[in-house]
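Written out below as structure tokens is the structure these notes cover.
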């Protein structure tokens, strides 16, 4: 529940802070590229600036959809994925149903821990590898989660080392 509250507060704060920046930026960038083209005596420069703005906007929207919707929707699937667990393994103590984890990471947990999986579970892992064009997508997702947990634990401890090599 605290994640929902944090998400709502952060979203509203973001709208309040960044909406004026974006609106002023849009108005500014209507005139700025033309001014820079005249100043630099380059008829190509305004098009380069407009292209950078269009490309950056499209990339940002794509990232919002990927990270803000697709991955979170996958996490929602994992929360409600008990039936998936029952269809790919006989194990009951898995990460299916846990918040903040993707289905891929939960399948990866089974592989990482070498827990028994039905053939359809192994097929699911292969389909995920194919879909994401990776050799070990599921197990890599679990290992990524473990690495992030380790980084978070180090940050909470307040490591005194200045070098990443010391860790």
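General observations
- Filter pass, residue 96 being without any contact (Cβ under 8 Å) to a residue 40 or more places away in the chain, within 23 Å of the chain's Cα centre (by Cα), surrounded by 10 or more Cβ atoms within 10 Å (Cβ to Cβ) and farther than 30 Å from residue 116 by Cα: no
- The condition (being surrounded by 12 or more Cβ atoms within 10 Å (Cβ to Cβ), under 15 Å from the mean Cα position of the chain (by Cα) and free of Cβ contacts under 8 Å to residues at least 12 places away in the same chain) is satisfied by just one residue among 64, 76: 76.
- In the stretch 104-128, the residues that are in a loop (DSSP other than H, G, I, E, B) form Cβ pairs under 7 Å with partners that are surrounded by 14 or more Cβ atoms within 10 Å (Cβ to Cβ) and modelled with pLDDT of 95 or more, at six or more places apart or across chains, as follows: 115/89; 116/89; 117/88; 117/89; 117/110; 118/88; 118/89.
The values are calculated or read from the model by the stated rules, or taken from the named source; none is laboratory data. Please read all numbers here as calculations on a predicted model, not as lab measurements. Here Cβ is always computed from backbone atoms with ideal geometry, including for glycine, and neighbour counts include all displayed protein chains.
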